[in-house]
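Quick notes on the structure that follows.
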Amino acid sequence: MRFTKMHGLGNDYIFLNCMESMPEDLPGLARRLSDRHFGVGGDGIICVCPPDRADFKMRMFNADGSEGAMCGNGIRCFGKYVYDQGLTGKRHLTVETGAGERELSLLVRDGAVAGAAVGMGAPVLGEPVPIALDGREYIARPVSMGNPHGVIEVENPSALDLRTLGPLVERHPAFPRRVNAEFIRVVNRRELEMRVWERGSGETLACGTGACAGAAAMIAAGKLDREAVVHLAGGELTVRWDGESGQMFMTGPAAAVFDGETAD
């Protein structure tokens, strides 16, 4: 089975061309390939599938085998994959995801995609809820970007023990579907610092939907302008919440790492 390893700010996925045939047991395949010691290594797998109505369809599975509805870093890499592999010559694409259709504008340099701007849909914000974590109380702001997020403002994200706090938020009773956890600090009105614990994958170097969720939560709280830079461990994303359409837009890079073939 041929694959391509790709990443968006270090949030890495294994891409499979499933336009003609779909592998069996995708959850099991995701667990095997994502293993960083005995597999290819990644935060999950992403399948490029034939669409029902759009240009392409994206299915993504986390490292634990659970299927995710949407992945912001992954969909930028998705755009790079289909363009660079010659599956399309279009620079403006519509991609079906589990969270609905998403529009991509590809940033092409020297004949290859360097990144993409993505229409991420409109955030849905819930009421803030107090949650107890490891002996302390935090305020979690629920935000849906097609997948669920819990945004928690803290003084110093880099000082947190995310291996302890991340799973506690992900599986907290306040979030019965499990949740992606964002621990954020507002640097100023146009900058946000963030660490992410992804549902089903653990701490990742970046999260596109999480960056949008974190920004939306702080914009709604009056602490952030409608366009801002989000600083993550793997790099920077630019997000913008359009006041007219209500949609979030995210812009960032996409990179290919290597091509390979599995033994089985």
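Which helices, counted as full DSSP H runs in the chain, have an axial Cα extent of no less than 15 Å and a Kyte-Doolittle average of -1.0 or above? Intermediate results must be reported in sequence, preceding the final value.
Values: long enough: 72-84 (18 Å, -0.40); 208-220 (18 Å, 1.37).
What comes out of the filter, once short or polar helices are dropped, is 72-84, 208-220.
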Self-check item: Most fluctuating residue given options ASP52, ASP64, ASP43, as computed from a GNM of the chain linking Cα atoms under 10 Å
Solution: ASP52
Quiz item: When the Debye formula is applied to the Cα atoms of the range 63-150, each taken as the same point scatterer, what base-10 log of I(q)/I(0) results at q = 0.23, 0.25 Å⁻¹?
Solution: -1.08, -1.18
Quiz prompt | Surrounding net charge for GLY126, when Lys and Arg each add one and Asp and Glu each subtract one, Cβ distance under 13 Å | solution = +1
Practice problem: May I ask you to compute the full-extension gain from ASP25 to ALA220, defined as 0.36 nm times their residue separation minus their alpha-carbon distance, rounded to one decimal in nm? | Solution: 66.1 nm
Quiz item: Pulled fully out, how much extra length does the chain show between ARG177 and PHE38, if you take 0.36 nm times their separation in residues and subtract their Cα-Cα distance?
Solution: 47.1 nm
Practice problem: Mind jotting down the three principal axis lengths of the range 1-153 based on Cα atoms? Whole angstrom, largest first. | Solution: 52, 36, 30
Self-check item: Calculated on alpha-carbon atoms, Rg and Dmax of the chain in Å
Solution: 17.6, 54
Quiz item: Once Rh for the range 121-202 is found with the Kirkwood sum over Cα pairs, what is the Stokes-Einstein diffusion coefficient at 20 °C and 1.002 mPa s, in µm²/s?
Solution: 167
Quiz prompt | Simple spin-label estimate for SER245 and ARG109 in nanometres, 7 Å along Cα-Cβ | solution = 2.4
Quiz item: Taking a quarter of the surface of the Cα convex hull of the range 150-264, what do you get in nm²?
Solution: 9.5
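Just so you know, all these numbers are worked out from the coordinates, no wet-lab data involved. Keep in mind that this is a model prediction, so the values were computed, not measured. Cβ sites come from the backbone with ideal geometry, for glycine too, and all protein chains shown count toward neighbours.
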